[in-house]
């Protein structure tokens, strides 16, 4: 793993030297723009439309558009000087309960490992968090961005989740067409709750796969092998042709092979049938 940040966790007077690694990887399939006539990748040059010329890296500054077409400029040195002195410290501000944090605040996940002789302090913090069941809320600066962060334990590893600040989360008042008051049919609600109960299982991330990426990788392999496939359609789920909400609910219950009468108890231990999907790795 590549180290993306190196510093220390600080809580109270305890200093825990750590290295940080990205916990997730982007497996999106990316395409380059190719000139069809000769097969050469298209280059994207930095050009100035006003001067009608290519611009060198050392001639480029960072600019913030404060009005339409008007910018205030910053050099890399000015931006660096504005970074807080604690840029190499993960300062834990508070400890909170995990259930108090809405998932909307979470952004990106990182693994933290002990650095140099910090194994003892690292183990102490990890075990203290584990046994108290708390989550550390901290501040961290990564590259040019300052973030809130949540520090928790996964197995024998401290994990850091960068978080959005409250003013980065849009208000629900901006969402159009939200109902002012919720009014539902009692029978439909009972059937919906029964359906949710029957479809409830222990979360197992291994059962979920990116079907579109798998199909795209298969198409790529087929093209490499000389099989001419020009258009690939992503797999689509079969949908029942239902007329209204109750019909949809009852069709779902029938597909799950459970009683449709809310007053009839489901068989104990009944579970819906699942089809084992292909794994995400395609050779």
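The values are calculated or read from the model by the stated rules, or taken from the named source; none is laboratory data. Keep in mind that this is a model prediction, so the values were computed, not measured. Using ideal geometry, Cβ is built from the backbone for each residue, glycine included, and neighbour counts are taken over all protein chains shown.
Structural remarks
- Of everything in segment 137-152 that is at pLDDT below 90 and touching a helix residue (DSSP H, G or I) at 6+ places or on another chain (Cβ under 7 Å), the residue that is surrounded by the most Cβ atoms within 10 Å (Cβ to Cβ) is 141.
- Unmet criterion (only one of (1) modelled with pLDDT under 90; (2) buried (at least 17 other Cβ atoms within 10 Å of the Cβ)) for residue 111: (1)
- Some residue of segment 23-45 being under 24 Å from the mean Cα position of the chain (by Cα) and modelled with pLDDT of 90 or more: yes
- Test for residue 55: is it out of contact with any helix residue (DSSP H, G or I) (no Cβ under 9 Å at 6 or more places or on another chain), modelled with pLDDT of 90 or more and not assigned by TED's automatic domain parsing to the domain that holds residue 153: yes
- Residue within segment 115-123 that is buried (at least 17 other Cβ atoms within 10 Å of the Cβ) and either outside the structural domain of residue 16 (by TED's automatic domain parsing) or part of a helix (DSSP H, G or I) (or both) present: yes
- Taken over segment 46-70, the criterion of being under 32 Å from the mean Cα position of the chain (by Cα), surrounded by 10 or more Cβ atoms within 10 Å (Cβ to Cβ) and without any contact (Cβ under 8 Å) to a residue 12 or more places away in the chain is satisfied by 63 alone.
- Segment 1-22 - residue that is in contact (Cβ under 8 Å) with a residue 40 or more places away in the chain and over 25 Å from the mean Cα position of the chain (by Cα) and, of those, nearest to residue 145 (Cα to Cα): 10
- Index of the failed condition, residue 98 passing every other in (1) surrounded by 11 or more Cβ atoms within 10 Å (Cβ to Cβ); (2) under 21 Å from residue 127 (Cβ atoms); (3) free of Cβ contacts under 8 Å to residues at least 60 places away in the same chain: (1)
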